[in-house]
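First up is the structure itself, then whatever we jot down about it.
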Amino acid sequence: MAAPKHFLQLKDFSREELEHVFARTRWIKDKFKRYEPYHPLFDRTLVMIFEKQSTRTRLSFEAGMHQLGGAAIFLSTRDSQLGRGEPVEDAAQVISRMCDIVMIRTFEQGIVERFARHARVPVINGLTNEYHPCQILADIYTFIEHRGSIEGKTVAWIGDSNNVCNTWLQAAEVFGFNVHVSTPPGYEVEPERAGLYGTDHYEEFPDPMDAVRGADLVTTDVWTSMGFEAENEARRRDFEDWQVDAEMMRQAGPDAIFMHCLPAHRGEEVAAEVIDGPHSVVWDEAENRLHTQKALMEYLLLGRVNS
Ligand code: CP
Ligand code: NVA
């Protein structure tokens, strides 16, 4: 049996494959907006394994699979044997004999990779400590909807060099754009952990005001990611000058857009006037999780559909 295709990091897909997914996203989204049913995944089952909390990822995968004609099953560590030490390799064998595609949200990237190695079906990374590829799929699609091609553009990342940041950096290599990163000292990008081929597509700025200057897109994320809660107090102190506020958006320029993967903490990483202001596209960004992931599941299960 041929090994299935997985989506564990953004760079698992070529630029050309990602562009195919975006073209399908557009088609699937348009059809959905016209209330026209599209059920190419009739009778297929998605299993979603959550070891961390979620609103958007669960909702978009569950609703998305239903809208494509299939079914989705939610498993959490709390109420499955995964939480009682069943080896990930065994779970992968069993789940992939009963279901057609799997999405996992967990801690170390190694867990998703071990699962995928033992699965007979496609596996999607729904967020790990290192990466969040489904988020950046939606973010780049959203950028294209608002501003056209992202090639050659400048994205400013303000805050923690976390899973979402790492995935932006991978995307910069795939699509050929630049990321200006500003983190507090001690939280800088680790290129190897980010899975980068080099350092050509990003630049680090000690002062966030320098990072946003002239940016086409300004984006940030929580100061403390899931799994790092023990560092919460120290991070609140370390990150206090890394809030995206109106002054920063003015520095970026009148056409800059603002994104945040959500959930957001107004008054911490972003000021309310920015996330609720005219530059913000966060609701389109959240909605596009649904449409891009439907196209992703279609591609992983059916290959290139051209309708
Ligand atoms: N952005 C995102 O992945 O949100 P959830 O944690 O709610 O799934
Ligand atoms: N960096 C955040 C993203 C949440 C969607 C986290 O990992 O908690």
Q. Looking at segment 165-192, which of its residues are out of contact with any strand residue (DSSP E or B) (no Cβ under 6 Å at 6 or more places or on another chain) and closer than 23 Å to ASP255 by Cβ?
A. ALA171, PHE175, GLY176, PHE177
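Of the residues MET259, MET248, which single one is of a type outside the set (Ser, Thr, Tyr), within 16 Å of ligand 2 (Cβ to nearest atom) and surrounded by 19 or more Cβ atoms within 10 Å (Cβ to Cβ)? I'd like the intermediate steps shown before the answer.
Numbers: MET248 fails: within 16 Å of ligand 2 (Cβ to nearest atom).
MET259 is the lone residue from the list that is of a type outside the set (Ser, Thr, Tyr), within 16 Å of ligand 2 (Cβ to nearest atom) and surrounded by 19 or more Cβ atoms within 10 Å (Cβ to Cβ).
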Q. Of (1) surrounded by fewer than 18 Cβ atoms within 10 Å (Cβ to Cβ); (2) at pLDDT 95 or above, GLY253 satisfies all except one. Which?
A. (2)
**Q.** Top-ranked residue of segment 58-80 - restricted to ones that are touching a helix residue (DSSP H, G or I) at 6+ places or on another chain (Cβ under 7 Å) and not aliphatic (A, V, I, L, M), ranked as farthest from THR106 (Cα to Cα)
**A.** GLN67
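List the helices (runs of 4 or more DSSP H) that sit entirely inside segment 1-106 and contain at least 3 residues that are surrounded by 15 or more Cβ atoms within 10 Å (Cβ to Cβ), away from ligand 1 (no atom under 16 Å from the Cβ) and of a type in the set (A, V, I, L, M, F, W, C). Walk me through it before giving the result.
Details: elements: 15-33, 56-67, 88-98.
Once the helices (runs of 4 or more DSSP H) in segment 1-106 are filtered for at least 3 residues that are surrounded by 15 or more Cβ atoms within 10 Å (Cβ to Cβ), away from ligand 1 (no atom under 16 Å from the Cβ) and of a type in the set (A, V, I, L, M, F, W, C), what remains is 15-33, 88-98.
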Q: Go through (1) farther than 24 Å from GLU173 by Cβ; (2) under 21 Å from the mean Cα position of the chain (by Cα) one by one and return the number of the condition ASN232 breaks.
A: (2)
Q | Output for segment 156-184, where each listed residue is buried (at least 24 other Cβ atoms within 10 Å of the Cβ) and either modelled with pLDDT under 95 or among the aromatic types (Phe, Trp, Tyr) (or both) | A | TRP157, TRP168
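How about segment 214-233: which of its residues are away from ligand 1 (no atom under 16 Å from the Cβ) and either within 23 Å of TYR131 (Cα to Cα) or crowded, with 16+ Cβ neighbours inside 10 Å (or both)?
Matches in segment 214-233: ALA215, ASP216, LEU217, VAL218, ALA230, GLU231, ASN232.
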Q: Those residues that are surrounded by fewer than 14 Cβ atoms within 10 Å (Cβ to Cβ), of a type in the set (A, V, I, L, M, F, W, C) and away from ligand 1 (no atom under 16 Å from the Cβ), I need them from segment 262-284; list them, please.
A: ALA272
Q: Answer yes or no as to whether ALA138 is touching a Ser or Thr at 6+ places or on another chain (Cβ under 6 Å), within 16 Å of ligand 2 (Cβ to nearest atom), at pLDDT 95 or above and not in a loop (DSSP other than H, G, I, E, B).
A: yes
Q.
Based on this model, can you work out whether GLY214 counts as assigned to a loop (DSSP other than H, G, I, E, B) and in contact with a Lys or Arg (Cβ under 8 Å, 6 or more places away or on another chain)?
A. no
Q) List pairs: first in segment 217-241 and of a type in the set (Lys, Arg), second at pLDDT 95 or above and within 16 Å of ligand 2 (Cβ to nearest atom), Cβ under 6 Å, 6+ apart or cross-chain? A) ARG235/TRP223; ARG235/THR224
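The values are calculated or read from the model by the stated rules, or taken from the named source; none is laboratory data. Note that the coordinates shown come from a computational prediction; the quantities given were computed from them, not determined experimentally. Cβ atoms come from the backbone with ideal geometry, glycine included; neighbour counts cover every protein chain shown.
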